[in-house]
1. Just need the relative contact order of region 22-142 here, percent rounded to a whole number, with Cα pairs under 8 Å and 6+ apart.
2. Rank the residues 107, 54 as a footprinting-exposure proxy: fewest other Cβ atoms within 10 Å of their Cβ go first.
Amino acid sequence: MTTEQNDKDRLTNGQGATPFTQTFFHGTKADLNVGDLIEAGYNSNYGLQKNAKYIFLTATLDAAIWGAELALGDGRERIYLVEPTGEIEDDPDLTDKKFPGNPTKSYRSTRPFRVVGEVTIWHGHPAEQVKAMKEHLDELKAQGVNSLND
């Protein structure tokens, strides 16, 4: 069989190159199942903690770990693999002049995310680092510095 024939066969039998899709994560304390939708409208974990206009996802596991660690509530920290069902955009809280280029690959949307899996093995940040981040967020709140997502 010629190289041309091999290439043609590979393209017609579905064995050719396929694009990879971006993996996104969502850190939370909510107990969800595969197929569930994560939707806007629930109390936010940040800022004024009012009904959130947006929901958030990230392409980095580290940012998702922070999301789980900083989430409000008493539930177990969880990280879900999610797929957006609509448009996503950069999270403006993490893409201002301090963080040009969105290094955390953090995004927001008004459209739901579908849970497609859960990351069950991951390591959180050291307790003192989480405590310092929570204190910093409390200081910002006390100073009236609110999220751009409120």
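1. Details: 229 pairs, mean separation 40.6, N = 121.
34 percent.
2. On the way: 107 23, 54 20.
The order, fewest Cβ neighbours first, is 54, 107.
Each reported figure results from applying straightforward, stated rules to the coordinates on display, with no laboratory input. None of the values given here were measured: they were computed from a predicted structure. For neighbour counting, all protein chains shown are included, and Cβ atoms are generated from backbone atoms with ideal geometry for every residue, glycine included.
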